[in-house]
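Accompanying notes for the structure given below.
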Amino acid sequence: MPVYEYECPQCEQIFEVQQKITDEPLASCPECGGAVKKLISRSSFHLKGGGWYADGYSGSSGNGGKGKKTPKDSSVDKPATPPCQGGDSPCKSCPAASS
């Protein structure tokens, strides 16, 4: 549930209230009963690191034309190839046979 910040000009109190998005904004101060106004404050939500918001979905490079491009044959992205268990004649479907 979001937290909203309100200010009362009459008693100069600033306070936070946890409300549903569909709830009506507060009209009066809980301390003095004066009219309050809703404040717009910074969000505590921060996006850090890589991800869809940094890389985007469009573009042929997969990163939306932004950021660094990584080589497609990077060993970091490939899973390790298991050793072949077929002895002297590996099977055709064995990943080790194709390398």
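Since every read-out is calculated from the coordinates, none of them should be taken as a lab result. Predicted model, so just to flag it, every value in this text is computed and none were measured. Note that we place each Cβ from the backbone using ideal geometry, even for glycine, and neighbour counts take in every protein chain shown.
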Rough spin-label spacing in nm, given labels placed 7 Å along Cα→Cβ, for M1 and K38: 1.6
Order of S44, S28 - criterion: other Cβ atoms within 10 Å of each residue's Cβ, fewest first: S44, S28
Ranked V36, V3, criterion: other C-beta atoms within 10 Å, fewest first: V3, V36
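Mind giving me the FRET efficiency for K20 and H46? R0 is 22 Å, r the Cβ-Cβ distance, nearest 0.05 is fine.
Details: r = 23 Å, r/R0 = 1.07.
My answer for the efficiency is 0.40.
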Loop-resident sites, segment 1-39, for trypsin sites (Lys or Arg not before Pro), counting at most 14 other Cβ within 10 Å (DSSP): K20
